[in-house]
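Visitor: First, the structure itself, so that you have it in front of you.
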Amino acid sequence: MSSNNVPQLGSLKSRLTVFYVGMFMITQLICMTVIYFCQQHSVYSDARKKALVFSREFTCEYMTGAEFSTRRELISLDRINNETMCAIRAAAPAFIPEMAYVDDSGDVAILGSSEGVVCGFSVSQENPSGVSRQTYDVPDRIALLNEEFNGESYGEDVNQVYFLLLSPDGRCLAKSGFNEVSVDLFTQFRIPADSGTATMKLAHEDGGIYVNYHRLFDGNILVIGKHMKQFNKYIVNLLYSILLTLVLSLVVSFYSGRIIADRFVRGVRRVTHAARKIENGNYAERVSHGTEGTEISDLVDAFNDMTNNTEKLLIELKTISDSMAHDLRTPITRMRGQAEMSLNSPKDNELASDVAEECENMLTLINTMLEITQTEFNISKIDKDKLDFAAIARDTVDLLATVADDKGVTLRFDIPEVPLMMVGNKVQLQRLIGNLLDNAIKFTPANGVVSVSMRSDSGRVLLTIADTGCGIPEIDSQRVFERFYRSDSSRNVPGNGLGLSLVKAIVDSYDGSIIFESEMGRGTVFTLTLPIDPEHKHT
């Protein structure tokens, strides 16, 4: 067995294994304990029932002198109705009932004694109040019972079942064929004269003996004893079986727990293995899905999504770094060249002006990049107020109207005079509209048209800016919102490729959307949608 398969102490696999084994063993222990006590109760209950059956049969035979028929069903005296008992009391006022049974015809018989004489009353089903009396005169009840004792013990281990008839003073009048030494064991107990039945468990060197004492009508005591040696042996064997089952369950649950825990942590190990590769620079590594379950699949999906975003950010960071190096290299080279030329030229004021202008351009570039990042990740804390978005749009259009006129571009707008209120930052919204409108004017040739329209729809505002410019090539349509990205057709137009990136970041921060349609040589249409519900929550 390899060391990798052995659960290390403190690992998730070992803890899951221990937890599974513990819960399984606790469940098994509870179940086995219930089984043990249920079986023990059943064993002693069977002993009590068997002793009670013998006691009732011997009592009936002792009183009537006839063998108890198996077709008779013993019933409780409580089942005899009051009407029948009143009829019996009327016939024999001193009658003391001992037992009752139902014969195969359905008639009920009640046995008892009246002034020392055994008698019985039969009651038919048709006439519960009509009783017939029968007297039982048995010459030698003791001899009869002694014969019954030996007959019933035939086939039984004589030292496992005990039948005795004791006199009121404890002398043995009759018994089955068990060892004489054991007689004294049953004569130690005396039931009270006013008590009919008593049960107890006597101590014995080979195990306890369950004993049922029953006082008969003439004062003699019927003793039924059942040795519990075989029952105790069964209980002990059951206990050993339970212990063996628990040991086997411990082994099975341990290996089952290991298999289940290993299956559970297999997905975690795959994630860890992929994370180690990513840590070493392999950012294209992804975790494959397994069959461990929904939770592990969710973990794999979350990890892969995180890795995708990380790889995307790293690629974007590299692109930004390359673009910054390219865009900053040009003004710095120009500044260096001017500085070298100034060594041979007295035009210090012109040099200072050029350096200041180039520094301003670089600062604008850097600040725009910072603003895009802060907006995308909600880093900057800006104040937002309830604003009229329509009024901001009109002001921005008025501001850029001069730029359009200077280029010979016709600027048309259709902005409602009705206020379109929303929660936002005025500077952000101005830059949002300004960048889109400035781009449209830049890429629209003289005598072209730029149109701005706005309308509200179901709690949102739709702003459309269309131009008749050169259009965006289809090959570039997926990258227009990337930082520093400029298509070949826009290389001759001033700019740094950050305007649309800033627009996209602002729109996303307002839970809005922006789409565009473009056709080469015919122009481009940008449509953005923003919420104008004053109660709308922005993140």
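The values are calculated or read from the model by the stated rules, or taken from the named source; none is laboratory data. These numbers were taken from a predicted model, which means no experiment stands behind them. Heads up, the Cβs are rebuilt from the backbone with ideal geometry, glycines too, and the neighbour counts pull from every protein chain shown. Keep in mind that these areas ignore ligands, DNA and RNA; they rest on the heavy atoms of the full protein, side chains included. Shrake-Rupley method; radii C 1.70, N 1.55, O 1.52, S 1.80 Å.
Visitor: Exceeding 20 Å between C-alpha atoms, which entries from my cross-link table qualify? They are LYS426/LYS504; LYS386/LYS442; LYS175/LYS226; LYS312/LYS384; LYS175/LYS233; LYS50/LYS175.
Guide: On the way: LYS426/LYS504 17 Å; LYS386/LYS442 32 Å; LYS175/LYS226 14 Å; LYS312/LYS384 31 Å; LYS175/LYS233 26 Å; LYS50/LYS175 18 Å.
Pairs exceeding 20 Å: LYS386/LYS442; LYS312/LYS384; LYS175/LYS233.
Visitor: Give the peptides 502-509, 52-59 in descending order of average Cβ contacts within 10 Å, highest first.
Guide: In decreasing order of mean packing, 502-509, 52-59 become 502-509, 52-59.
Visitor: For the range 28-68, what is the accessible area per residue in Å² when the probe is 1.4 Å?
Guide: Details: 2100 Å² over 41 residues.
Per residue, the range 28-68 has an accessible area of 51 Å².
Visitor: Tell me, what is the 1.4 Å probe accessible area of GLU126, in Å² to the nearest 10?
Guide: Counting only protein heavy atoms, GLU126 exposes about 150 Å² to solvent.
Visitor: Mind giving me the nanometre distance, one decimal, between the label points for LEU239 and GLU519, set 7 Å out from Cα along Cα→Cβ?
Guide: It is 9.7 nm.
Visitor: Subtracting the Cα-Cα distance from 0.36 nm times the residue separation, let me have the gained length for PHE254 to ASP184 in nm, one decimal.
Guide: Roughly 19.7 nm would be gained on extension.
Visitor: Ok, one more. How large is the accessible surface of ARG89 in square angstrom, using a 1.4 angstrom probe and rounding to the nearest 10?
Guide: 100
Visitor: Still on this model: At 0.36 nm per residue, minus the direct Cα-Cα distance, what do ALA90 and VAL138 gain on full extension? Give it in nm, one decimal, please. Before the final figure, lay out each step's value.
Guide: On the way: separation 48, 0.36 × 48 = 17.28 nm, distance 2.51 nm.
Roughly 14.8 nm would be gained on extension.
Visitor: Same structure, new question: To the nearest 0.05, what FRET efficiency results for GLU115 and LEU52 with a Förster distance of 25 Å applied to their C-beta separation?
Guide: So, using R0 = 25 Å, E works out to roughly 0.35.
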